[in-house]
1. Any idea how far the Cα center of segment B:182-228 sits from the one of segment B:1-73, in Å?
2. One-quarter of the Cα convex hull surface for the protein assembly as shown, in nm²?
3. When Cβ neighbours within 10 Å are restricted to other protein chains, what is their mean count per residue of peptide A:84-91?
4. Each residue of segment B:177-194 in turn: what ³J(HN,Hα) in whole Hz from Karplus with 6.51, -1.76, 1.60 and θ = phi - 60°, glycine and Pro shown as x?
5. On average, how much area does the Cα convex hull of segment B:37-119 cover when viewed from any direction, in nm²?
6. State the cysteines of the protein assembly as shown left without a partner when partners are defined as other cysteines whose beta carbon lies under 4.7 Å away.
7. Rounded, prolate or oblate: which one fits segment B:120-165, using the alpha carbon gyration tensor with axes a ≥ b ≥ c (rounded when a/c is under 1.5, else prolate when a/b beats b/c, else oblate)?
8. Scaled to the compact-protein estimate 2.2 N^0.38 Å, what is the alpha-carbon radius of gyration of chain B, rounded to two decimal places?
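Values in this text are rule-based calculations from the coordinates and carry no lab data. Note that the structure is a prediction, hence the values are computed from the model and not measured. No Cβ is skipped: glycine too gets one built from the backbone with ideal geometry, and neighbour counts run over all protein chains shown.
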Amino acid sequence: MAGANLRDSNVEPAPALQDLAKLNGLLCGGCGQRYAAPAYYCERCGGTTLGPTELSSRGEVYSYTTIYVPPEGFEGEAPYDIAVIDLEDGVRATGRLGRVPDHPIDIGSRVEFVRADDRGLLFRPVW
Amino acid sequence: MREVSVIGVGSTPFGKLEGQGLRDMATAAANEALADAGIDRKQIQAFYLGNFASDSLVGQGTVAPLVANALGLPRIPTTKVEGACASAGIAFRHGYMMVATGICDFVLVVGVEKMSSASTAKVTQALSGAADIETEAKCGLTFPGAFALAARRHMHQYGTTRKQIGLVSVKNRRNALKNPKAQFRKEVSIEEVLESRMIADPLRLYDCCPISDGAAAAVLCSAEVAAELSKQPIDVIGSGHVVGPTTLYQTKDLTGFEATQRAADQAFEMARISRDDVDLAEVHDCFTIAEIIATEDLGFFEKGKGGCAVEEGATQIGGRIPINTAGGLLTKGHPVGATGLGQIYEVVRQLRGQAYNQVRNAEIGLAHNLGGTGAVATVHILRSRN
């Protein structure tokens, strides 16, 4: 699949009842602690048996930035936003943040998971 | 464990060193350190080389043996040490341990990086390799971007201002004016910093360290022998080295780096001194905000007060704790694998009273080296014998 163009990340805010995409993560077989992928060891119980699970698809922005000078492979796509997201189940994840025209984001803004692709995770703001 | 001292240091200028390769720079720095130490290179018993990305940037691996042979070192153990931007600090730590444990009497440590001959694309690719390529590098997060995320969080949590962050650049530029080995020897005003090109919001061009070439070196020996060899031996009284989270999403609090905090605690515990005893510090200012965070993580200022400290002048020469007196990574330059030893070079010269930008009565100095987005840190505390 060709690289997702980050300009396509200008997205519409999600209608409230739309099915949310699944954000895949890992679950400790020993104690149930959840992790963003990749994870091989459970900090909470010391277990090394982690299996696939679904993480919360919603969360809020812990921090964000706009990249103006992109790395190799992202030429022509800047400016684009990256955020560290605190998901509702307590797991933290880093991903791109789609832009919604006229709706600037800030720390604390509510977001939801859109999809995972060859550019990692994509989130978008929700109202 | 015995006491260890530094008896020789050397450094090339840092910057765009046209026509100078890894061996040119490494031998220049090492020869200067050996001459400074006044010992024969055949006395060296182990060699550690800090280097981050010579394989990617210039296509050269096997760098430690290459440099050791170029130097004419005897048939001794040679080791390349990599820990992203902390490579040289970690190399220094290993040299320290070889002497402290009594395994070696004389160790040479060199840090070197050649960045300017690679294309911008290659350099950014190599640098992004210091982050997690499966997660954060994959989504297009750059290093300025990672520290921009930290900056925004620091501003949100503590009210640190954009101006306070920018003042770090102004201070370090001013500090480097007298440093003939610095990459930049021109002041910038706070207005120029705040109006410079946006790189990753809120960090701008003058908030970021440059791409640099360079090498630095140090000769270590036992404290006992140092007294006979050097008029001004500098003792390593504290050493700390710790791993930290390798991604931002695994970092509990983005306003601080756990690796720095723990390495500092280790070094201060070993040295048995307090933060107030330190006369100057070379800290890892890969970005302006990184200096502010480092001064808090190292324990010089309360968490969240690092920005105010810069604004009040506490980190200037003459202030409570002068930080980055030679210009820091921002101004001196950041040849990644050499930086940790460039810091040792400055601290040693300060403690000998030979610095270009001298802190009065400098007796105890600290060097802090951080790799990646907090992935690994070293802290070393040095003291002169007065």
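1. Rounded to whole Å, the Cα centres lie 19 Å apart.
2. On the way: hull surface 95.2 nm².
About 23.8 nm², averaged over all directions.
3. Details: counts 12, 1, 1, 1, 0, 0, 0, 1.
That works out to 2 on average.
4. 3, 8, 9, x, 9, 7, 5, 10, 10, 9, 6, 10, 8, 4, 5, 5, 4, 6
5. Working: hull surface 22.9 nm².
So the Cα hull casts an average projection of 5.7 nm².
6. Cysteines lacking a close Cβ partner in the protein assembly as shown: B:Cys85, B:Cys104, B:Cys139, B:Cys208, B:Cys209, B:Cys221, B:Cys286, B:Cys308.
7. Values: a/c = 4.25, a/b = 2.17, b/c = 1.95.
Prolate, because a/c is 1.5 or more and a/b exceeds b/c.
8. On the way: Rg = 19.0 Å, N = 386, 2.2 N^0.38 = 21.2 Å.
For chain B, the normalised Cα radius of gyration is 0.90.
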